[in-house]
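One structure is given here, and the rest of the page talks about it.
The numbers here are math on the coordinates, done by the rules we state, and not lab data. Source: prediction; values computed, not measured.
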Amino acid sequence: RRAEAEKAAILRVVLTQEARQRLANIRMARPEVAEAVENYLVNLARSGNLKSQITDDLLRQILEKVMPPKRETKIVRMSRDEL
């Protein structure tokens, strides 16, 4: 419980308001992805590798690298003659 509070405090400092909102939205849809990104950001902050706050644009770039690629579905119509 204390670790979660510490993690939340770090994220409040390192993320802009827009980035925090985006991460909250991601948490509703994909909690495992949000958890991975949060842990990554907390580790960066603890190691001193963050030079500035994470903006929404930067968070989107991080999410693009973390999110699994979307599968594309292709539907091909066939005529009765082809069946």
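Enter the angle in degrees (range 0 to 90, nearest 10) between the Cα long axis of helix 2-14 and the first principal axis of the Cα atoms of the chain, meaning the one along which they spread out most. Its long axis makes an angle of about 80 degrees.
Distances between placed amide hydrogens fall under 5 Å for residue 54 paired with 15, 16, all partners being 5 or more residues away or on another chain.
For the chain, the number of Lys pairs separated by eight or more positions or lying on different chains, with C-alpha atoms closer than 28 Å, is 4.
Working note: Karplus 6.51/-1.76/1.60 with θ = phi - 60° gives the range 45-59 the couplings 5, 5, 7, x, 8, 8, 8, 8, 5, 7, 7, 4, 4, 5, 5 Hz, where Gly and Pro are set to x.
Seen through its C-alpha gyration tensor, with square-root eigenvalues sorted a ≥ b ≥ c, the chain comes out prolate because a/c lies at 1.5 or above while a/b is bigger than b/c.
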